[in-house]
1. What relative contact order, as a whole-number percentage, does region 36-91 give when Cα pairs under 8 Å and 6 or more residues apart are counted?
2. Hey, rough spin-label estimate for Q67 and E94, points 7 angstrom out along Cα→Cβ, what's it come to in nanometres?
3. What distance in nm lies between label points placed 7 Å from Cα along the C-beta direction at A163 and Y149?
4. Over the chain, give the accessible area per residue in Å² for a 1.4 Å probe, as an integer.
5. Where both partners of a DSSP beta bridge lie in the chain, what percent of those bridges are antiparallel, to the nearest 5?
6. Share of the chain's accessible area from carbon and sulfur, percent, 1.4 Å?
7. Compute the distribution of all C-alpha to C-alpha distances in the chain, in bins of 5 Å from 0, and list the percent of pairs in each, rounded to whole numbers.
8. Under a 5 Å amide H to amide H cut-off, with H placed in plane at 1.01 Å, what residues pair with I90 once short-range neighbours are removed?
Amino acid sequence: GASEGKSPEAVAEVAQQCLDTLTQVVYQFGGTIEKYSGDGLMAIWGAPRHDPDHAQHAVEAGMTMQQNIGALAPWFIAHDFKPMKVSVGINTGERAGGVFGGDAHLAWTAHGDAVNVASRIEQLTRSVEEDLLIGLKTAELYGMDKVRYCGDHHVKGRHGLVAVYALK
């Protein structure tokens, strides 16, 4: 993998650079960071602040994340890492959001099928060979004239198929 043979400090520095870049983009487009995981994150739009253009903003953020991480290629190379790519999965739907956790640690988080499907759509980017994929509802809100159908796919935790779309 990308971190093989690298010191933990070097891996942490690269992860931090990625997270800094991605976080700035989420906030630039009015999103909320739901959680960080390794060198990635989950963000949501439309909560806790209402955003009638949430799908547009999420897609624009996904494209900008890819551009901004791509622009860091010289930085990655200078730190002896291969340039990174960003895989993005976006889905729109109902979710429950709020403060969850135990007495010792509480955090704002989102739960629900739409959240789980977004994660599965991101995982499909590898097999579909598209770096940014969106679900049907997001595609409808973003504009069907701006997307290309990439098939119906089985995803973990769903009985039915999930239609995914890439940007034209």
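The values are calculated or read from the model by the stated rules, or taken from the named source; none is laboratory data. Since this is a predicted model, take the numbers as computed values, not measurements. Ideal geometry is used to build each Cβ from the backbone, glycine not excepted, and the neighbour counts take in all protein chains shown. Surface areas here come from the heavy atoms of the whole protein model, side chains and all, with no ligands, DNA or RNA. Shrake-Rupley method; radii C 1.70, N 1.55, O 1.52, S 1.80 Å.
1. 24 percent
2. Going by the 7 Å Cα→Cβ label model, 3.6 nm.
3. 0.7 nm
4. 58 Å²
5. Approximately 85 percent, going by the DSSP bridge assignments.
6. The C+S portion of the solvent-accessible surface of the chain is 51 percent.
7. Calculated over all Cα pairs of the chain, the distribution is 1, 8, 16, 20, 19, 16, 11, 7, 2, 0 percent.
8. Amide H neighbours of I90, under 5 Å, 5+ apart: L133, I134, G135.
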